Amino acid sequence: MDFEIDALHAKQTWTVVDRPLADVPVIGSKWFYVLKMLLDGTIERFKARVVALGYMQEFGIDYHETFAPVTKMSSVRTLLAVAAQQNWPLLQMDVKNAFLHGDLEEVIYMEKPPGYDVGRHNQVCRLHRSLYGLKQASRAWFDKFHNTLQHFGFRESLNDPSLFTRSTSQGIVLLLLYVDDMVITGSDTAGSQRLKRGLQDSFSIKDLGYLSYFLGLVITRTSDGILLNQQKYIQDLLVDHQFEDCKPVSTSMELNLHLRRDSGTRFLDGEQYRSIVGSLIYLFATRPDISYAVQVVSQYMSSPCVDHLATVHRILCYLHGTKDVGIFFPRRDTTTLRAYSDYDFAGCPDTRRSTSGWCVQFGDAYISWRCKKKDKVSKSSTKAEYRAMSKVTSELEWIRRLLHYMGVHCSVPMDLSVDNTSVIRNAVNPVLHDRTKHIEIHVHYVRDLVWDGTLRLHYIRTEDQVVDLLTTSFTTSRHWYLSSKLMLGNRHQFGGGC
């Protein structure tokens, strides 16, 4: 606690003043305690933090704008895939007490933290810095960081405001920010070091060396590329729910299992169910092989049944046997961008809504994927396919612009592979009739990109459609065949040690 108070004083976070008039709001404060862990599960340090009770703030009086951008996981994977492909070094830094660097525009008074006895009894703290807990704290910090990088000659990406870049005579320098954690990479290694020194002069920075652990992702660099997995996260999840000694299974979901809303006896502890499923969702970052199973069980969060819980437990057993499995980004210099799209038509037994799945591949690296049950019933398989194609085409365009900003110019046309010849004919030819009028927007969007040479459609045999893994369950052999096609595996399969 003394370290926290010293840090607050060093940043001149507040001034102790007399309590303002009765009509001026004074928000509360509290202590918040955090246990910081290392990658191996040992304790790094105990941390105490003073937090403002932001829920007591009033809009228009002591806060206005609150939005601050947060990078997408697709951006993280794309950056790492480019770094693997180009063999760029990956550096990691952490900003100490990041929010305390933000400047406040509003006048805010806060009660003194419990146990802080500086000043008289009737005095309060007038804040000068964006203390943790304030509604505008994250925005104030991001604005400060953004302005600092602009001063260094960096510009932000229009596709992801948390990504900054600077082109130099020696190449390019990239920085990706996630709140107070940052990754620095690029072809200009001297420029990366200059950026590090500039940031250390501007903020209280902890240099974490080469990137190895970021946002719960374990990053392992091998001679052949970069492997991302969430082994520590999975182990913690299994321990939290007493599944660390369970018997592993070979697939994430039983073959031909069709859960319904009323599948068996009602499970009373809905909070436990929601806790497990919520934790599983974060594993989508590196584990597309569980996307379909988790998408299915997440439909029953409000009133889970025993059968739903049994499926959740099976996912945990599958993860127990595949803790070290992750997504691999190979070191191969190719700039092709392609996507795969598929659907499970009317697959939900309760609503007959379709489930779509798609993935985007940069070179040999899969950098984006999605599995989602549609919010409306599709009247035909063509409509379901077009909706999925339209979504993945938007993602392709977004990633192409993001890569361009990173200095990677993808060749066009980009390829989209589907296993439905009917939708390919409709997209390539100017045909619209009563059966397709209701999907005109999706059709025209895809067709425009085909006609201008940006997109090229391919037919792929169903047995070769990798994205099937995101739309249904399979036998063990089929499941692992598709997983290997998606570059899923462990470090022993992808080139050994760091």
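The values are calculated or read from the model by the stated rules, or taken from the named source; none is laboratory data. No experiment lies behind these values; they were computed from the predicted model shown. Cβ atoms come from the backbone with ideal geometry, glycine included; neighbour counts cover every protein chain shown.
Couple of notes before you dig in:
- Summed over the range 239-285, the residues that are in a loop (DSSP other than H, G, I, E, B) and touching a strand residue (DSSP E or B) at 6+ places or on another chain (Cβ under 7 Å) give a count of 5.
- Residue in the range 389-407 that is in the same structural domain as residue 452 (by TED's automatic domain parsing), part of a loop (DSSP other than H, G, I, E, B), in contact with a helix residue (DSSP H, G or I) (Cβ under 8 Å, 6 or more places away or on another chain) and polar (S, T, N, Q) present: no
- Looking only at residues of the range 449-498 that are in a strand (DSSP E or B) and at pLDDT below 90, we find that the one that is surrounded by the most Cβ atoms within 10 Å (Cβ to Cβ) is 488.
- Filtered by the rule that a residue be under 25 Å from residue 470 (Cβ atoms) and touching an Asp or Glu at 6+ places or on another chain (Cβ under 7 Å), the range 244-267 gives 252, 259, 260, 261, 263.
- Pick from the range 402-412, criterion touching a residue at least 60 places away in the same chain (Cβ under 8 Å) and within 14 Å of residue 455 (Cα to Cα), ranking: surrounded by the fewest Cβ atoms within 10 Å (Cβ to Cβ): 411
- Look at the range 189-216: where a residue is farther than 30 Å from residue 286 by Cα and a partner is in a helix (DSSP H, G or I), sitting 6+ places away or on another chain with Cβ atoms under 7 Å, you get 202/148; 203/101.
- Scanning the range 209-245 for residues that are surrounded by fewer than 19 Cβ atoms within 10 Å (Cβ to Cβ) and in contact with a Phe, Trp or Tyr (Cβ under 9 Å, 6 or more places away or on another chain) gives 215, 216, 222, 224, 232.
- Residue tally, condition surrounded by fewer than 20 Cβ atoms within 10 Å (Cβ to Cβ) and modelled with pLDDT of 90 or more, over the range 413-448: 2
- Options 144, 112: the member that is charged (D, E, K, R) and in contact with a His (Cβ under 7 Å, 6 or more places away or on another chain): 144
- Filtering the range 253-275 to residues that are of a type in the set (S, T, N, Q) and without any contact (Cβ under 8 Å) to a residue 40 or more places away in the chain leaves 272, 275.
- Selection within the range 73-97 - of a type outside the set (A, V, I, L, M, F, W, C) and in a helix (DSSP H, G or I): 74, 75, 77, 78, 85, 86
- Boolean, residue 314 is surrounded by fewer than 24 Cβ atoms within 10 Å (Cβ to Cβ), within 16 Å of residue 259 (Cα to Cα), more than 16 Å from the chain's Cα centre (by Cα) and not hydrophobic (A, V, I, L, M, F, W, C): yes
- Among the candidates 184, 172, the residue that is out of contact with any helix residue (DSSP H, G or I) (no Cβ under 7 Å at 6 or more places or on another chain), in a strand (DSSP E or B) and crowded, with 18+ Cβ neighbours inside 10 Å is uniquely 172.
- Restricting attention to the range 47-72, the residues that are exposed (fewer than 14 other Cβ atoms within 10 Å of the Cβ), within 27 Å of the chain's Cα centre (by Cα) and in a strand (DSSP E or B) add up to 1.
- Some residue of the range 55-71 being of a type in the set (Val, Ile, Thr) and within 28 Å of residue 288 (Cβ to Cβ): yes
- Checking each residue of the range 335-346 against the condition of being surrounded by 15 or more Cβ atoms within 10 Å (Cβ to Cβ) and part of a helix (DSSP H, G or I) gives no match.
- Qualifying residue in the range 1-17 (condition: in a loop (DSSP other than H, G, I, E, B), within 24 Å of residue 181 (Cα to Cα), at pLDDT below 90 and of a type outside the set (A, V, I, L, M, F, W, C)): yes
- Condition met for residue 135 (in contact with a helix residue (DSSP H, G or I) (Cβ under 6 Å, 6 or more places away or on another chain) and outside any strand (DSSP E or B)): yes
- Scanning the range 243-273 for residues that are under 22 Å from residue 344 (Cβ atoms), of a type in the set (Asp, Glu) and under 29 Å from the mean Cα position of the chain (by Cα) yields a total of 1.
- Residues in the range 276-283 include none that are touching a residue at least 24 places away in the same chain (Cβ under 8 Å) and surrounded by fewer than 14 Cβ atoms within 10 Å (Cβ to Cβ).
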